[in-house]
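Asks: Right, I'll just put the structure down here and ask away after.
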Amino acid sequence: MEAAAGEGQPEALSCFSYNQDCTSLAIGTKTGYRLFSLSSVEQLDQVHESNEIPDVYIVERLFSSSLVVVVSRTKPRQMNVYHFKKGTEICNYSYSSNILSVRLNRQRLIVCLEESIYIHNIKDMKLLKTILDTPPNTTGLCALSINHSNSYLAYPGSTTVGEIVLYDGNNLKDVCLISAHDGPLAALAFNSTGSKLASASEKGTVIRVFSIPEGEKLYEFRRGMKRYVNISSLVFSMDSQFLCASSNTETVHIFRLEHLTDSRPEEPPSWSGYMGKMFMAATNYLPSQVSGMMSQDRAFATVRLNFSGQRNVCVLSTIQKLPRLLVTTSDGHLYLYNLDPQDGGECVLIKTHSLLGLGKTEENKENDLQPPVPQTYAATVARQSSVPSPSMMPGYSEDGGALRGEIIPEHEFATGPVCLDDENEFPPINLCRGSQTRKGKRS
């Protein structure tokens, strides 16, 4: 659900992404980043604006919490984690090469480099696992289930064919390898529960959906046959009933995931039913490629954009109790469409917002009337004025107590714990700084 800066002409937005439940939009620019709330169609509320870090090309917010992850082109190997409501840096980490993407849920934070993936415990930012020697992944393609009870991670297993490695981010072990496409992968997306995984190849003509963790194919949708396209976003609706795909063309496709049953009830005799059975029987005598193509489903709904060639990211969200399609583009606009969940068809544009034309009048609306939350980390996290040697810095558990025998080198804990003021959304986290250039457990 995010787009990073691409090559070509300068664009108004260097990156833009939706949070995990599609209730917030984050954008990165040459001067910093902004966060918006997506609770209304008519009004777009700016939650926060920061100009402290220039040239932001990755910005990710954790649900509706105060935690935001930022990466700047001025330091492309450094990840910064902020509590934006307090204006506090929670931690920063440096890696051995440029950061290509970041994914997070309430349990894990994933940092993807070209040939390695780092898995952190988001509660204390401890490095749990380093998956080394992954196939070259120049775009940082990966997906993380937002359901922290499983935290499944998916990433390409090959540079020549569309193999997907499914990894258990909670138990830190491989699950399975899915042979999804003949060509290299271009897009991956989990549904909200982590029970389905959608994928598309660089051709962009076929989208497949697999069951998780089994890796069995459930659906196959054809986006188009006339031309190859670059899939720019692939996302499920929160209820997993729809799957949306956008590309560098002017058409956005929305597919409906029909309920699958093991046995279909006997249909009453009719001419259409008879012809349908004859058609399905005929596919058994056709070559597998042809019969597969004929049995694929077409788009349930579409959007005809008034532009093409721009980077864009789409999500399906419920705003003011109605299903909407949201399209954010690299020129700094947000388009909202109505989606008919019963009949589909062409979606209707109902509102356009300029993301760069908003002032600061809506700044910190989410903070209004927020009661202060007491700090929950033990005071033992606080360090004295003389900092101990980084090589002997002890690790800290979630409640602030030192873990016996555990050493986390190259970390520097700041004065006092940091506590997010919306603990129901995200647990507190220690302030730390670290380097991941030479550390990690091999997979």
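The values are calculated or read from the model by the stated rules, or taken from the named source; none is laboratory data. Since this is a predicted model, take the numbers as computed values, not measurements. All Cβ positions, even for glycine, are placed from backbone atoms using ideal geometry, and neighbour counts span all protein chains on display. Ligands, DNA and RNA are stripped out before the accessible areas are found, and what is left, the full protein with its side chains, is counted by its heavy atoms. Shrake-Rupley method; radii C 1.70, N 1.55, O 1.52, S 1.80 Å.
Asks: Would you work out the relative contact order for segment 20-132, in percent, from Cα pairs under 8 angstrom that are 6 or more residues apart?
Replies: Result for segment 20-132 is 14 percent.
Asks: Let me ask something additional. Just to verify a number: FRET efficiency for Thr138 and Thr352, C-beta to C-beta distance, R0 = 45 Å, to 0.05?
Replies: Details: r = 33 Å, r/R0 = 0.74.
So the FRET efficiency works out to roughly 0.85.
Asks: Then there is this: Under the Karplus relation 6.51 cos²θ - 1.76 cosθ + 1.60, θ = phi - 60°, what is the ordered set of whole-Hz ³J(HN,Hα) values for segment 228-244, x standing for Gly and Pro?
Replies: 7, 9, 9, 5, 9, 7, 9, 8, 8, 6, 4, 8, 6, 8, 9, 10, 10
Asks: Please name whichever of Ser233, Phe190, Val209 sits farthest to the positive end of the charge dipole of segment 155-251, dipole taken about the Cα centre and charges placed at Cβ: Lys and Arg +1, Asp and Glu -1.
Replies: Checked the options; the winner is Ser233.
Asks: At q = 0.19, 0.30 Å⁻¹, what is the base-10 log of I(q)/I(0) for segment 108-166 according to the Debye formula with one equal point scatterer per Cα and no solvent? Please give it to two decimals.
Replies: Debye curve over Cα of segment 108-166, log10 I(q)/I(0) at q = 0.19, 0.30 Å⁻¹: -0.67, -1.34.
Asks: Show the residues, 5+ positions off or on another chain, whose built amide H is closer than 5 Å to the amide H of Ser116.
Replies: Hits under the 5 Å cutoff: Thr134.
Asks: Sticking with this structure for a sec: What FRET efficiency do you get for Lys30 and Glu214 if R0 is 45 Å and r is their Cβ-Cβ distance, rounded to the nearest 0.05?
Replies: Step by step, r from the Cβ atoms, then E = 0.50.
Asks: If amide hydrogens are placed 1.01 Å from N in the peptide plane, which non-local residues have theirs closer than 5 Å to the one on Lys196?
Replies: Sorted by chain and number, the residues that satisfy this are Asn191, Ile212.
Asks: I've got another one for you. Would you please give the residues with an amide H less than 5 Å from that of Phe16, counting only those at least 5 places away or on a separate chain, with H modeled from the backbone geometry?
Replies: Ala3, Gly28
Asks: Summarise the accessible area of segment 48-109 (1.4 Å probe, protein heavy atoms) by the percent that is carbon and sulfur.
Replies: Exposed carbon and sulfur together represent 40 percent of the surface.
Asks: Okay, moving on. How large is ³J(HN,Hα) for each residue in segment 48-58, as worked out from phi by the Karplus curve 6.51 cos²θ - 1.76 cosθ + 1.60 (θ = phi - 60°), to whole Hz, x for Gly and Pro?
Replies: Values, residue by residue: 7, 9, 10, 10, 6, 10, x, 6, 6, 10, 9 Hz.
Asks: Sticking with this one: Expressed as a whole number of Å, what is the distance separating the alpha-carbon centroids of segment 230-252 and segment 21-72?
Replies: Between the Cα centres of segment 21-72 and segment 230-252 lies a distance of 21 Å.
Asks: Right, next: From the backbone phi of segment 92-105, what are the Karplus-calculated ³J(HN,Hα) couplings (6.51 cos²θ - 1.76 cosθ + 1.60, θ = phi - 60°) in whole Hz, Gly and Pro given as x?
Replies: 9, 10, 10, 10, 6, 8, 4, 7, 9, 7, 9, 10, 8, 9
Asks: Okay, moving on. Would you kindly compute the Cα radius of gyration of segment 92-226 and its largest Cα-Cα separation (Dmax), both in Å?
Replies: Answer for segment 92-226, Rg first and Dmax second: 14.4, 49 Å.
Asks: Here is a further query. Express in Å², to the nearest 10, the accessible area of Val41 obtained by rolling a 1.4 Å probe over the protein heavy atoms while all chains stay in place.
Replies: Counting only protein heavy atoms, Val41 exposes about 10 Å² to solvent.
Asks: How many nm separate the modelled label positions at Leu172 and Ser308, each set 7 Å beyond the Cα in the direction of the Cβ?
Replies: It is 4.9 nm.
Asks: For Glu114 and Glu52, FRET efficiency with R0 = 30 Å and r from the beta-carbon atoms, rounded to 0.05?
Replies: With a Förster radius of 30 Å, E is 0.65.
Asks: Right, next: Cα extents of segment 151-194 along the three principal axes, largest first, in whole Å?
Replies: Cα extents, longest axis first: 29, 21, 12 Å.
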